[in-house]
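Enquirer: This is the structure I want to talk about, given as structure tokens.
The values are calculated or read from the model by the stated rules, or taken from the named source; none is laboratory data. From a predicted model like this one, the values you see are computed outputs, not experimental measurements. Methodologically, a virtual Cβ is constructed for each residue, glycine included, from the backbone with ideal geometry; neighbour enumeration extends over all protein chains shown.
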């Protein structure tokens, strides 16, 4: 008996906690600045939305941006795309997450999020 082909998965290395449970619908977005704005940010901005539980994950830069925008809770993607452009969008199901922390001296937080892409267009952010 032959096995069905395995669906390709995407692996995301994130510098924040994003423990999206296996099987949950997930949206992973990488943003780049549209224009120069004053924030101490180097590189891209990553946002993970667990669409099943309606939980948004990000780093301290996402926290800073959320505090500046009253509409962030209702539609974080819309709030971010004012000054940022979505460079990469992956929609799919969580195939698991590995979460690592270390609290000695300089703390370390990492997530390896595994996503099985659905191949569909980007839906509404939290629906």
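Enquirer: Here is a check on your reading of the model: is residue 102 farther than 17 Å from residue 115 by Cβ, in contact with a strand residue (DSSP E or B) (Cβ under 8 Å, 6 or more places away or on another chain), surrounded by fewer than 14 Cβ atoms within 10 Å (Cβ to Cβ) and modelled with pLDDT under 90?
Expert: Answer is yes for this residue.
Enquirer: Among the numbered criteria (1) modelled with pLDDT under 75; (2) surrounded by fewer than 17 Cβ atoms within 10 Å (Cβ to Cβ), which one does residue 125 miss?
Expert: Unmet for residue 125, out of (1) modelled with pLDDT under 75; (2) surrounded by fewer than 17 Cβ atoms within 10 Å (Cβ to Cβ): (2).
Enquirer: Report the residue count in segment 57-91 for those that are buried (at least 18 other Cβ atoms within 10 Å of the Cβ), modelled with pLDDT of 80 or more and assigned to a strand (DSSP E or B).
Expert: Counting residues in segment 57-91 that are buried (at least 18 other Cβ atoms within 10 Å of the Cβ), modelled with pLDDT of 80 or more and assigned to a strand (DSSP E or B) gives 3.
Enquirer: Which of the following residues is assigned to a loop (DSSP other than H, G, I, E, B) and either modelled with pLDDT of 90 or more or surrounded by 13 or more Cβ atoms within 10 Å (Cβ to Cβ) (or both): 12, 22?
Expert: Of the residues listed, the single one that is assigned to a loop (DSSP other than H, G, I, E, B) and either modelled with pLDDT of 90 or more or surrounded by 13 or more Cβ atoms within 10 Å (Cβ to Cβ) (or both) is 22.
Enquirer: Given the condition assigned to a strand (DSSP E or B), under 14 Å from residue 18 (Cβ atoms), in contact with a strand residue (DSSP E or B) (Cβ under 8 Å, 6 or more places away or on another chain) and modelled with pLDDT of 85 or more, answer yes or no: does some residue in segment 30-43 qualify?
Expert: There is at least one residue in segment 30-43 that is assigned to a strand (DSSP E or B), under 14 Å from residue 18 (Cβ atoms), in contact with a strand residue (DSSP E or B) (Cβ under 8 Å, 6 or more places away or on another chain) and modelled with pLDDT of 85 or more.
Enquirer: What's the number of the condition residue 94 fails, among (1) at pLDDT below 90; (2) in contact with a strand residue (DSSP E or B) (Cβ under 7 Å, 6 or more places away or on another chain); (3) not in a helix (DSSP H, G or I)?
Expert: So the condition that residue 94 fails would be (1).
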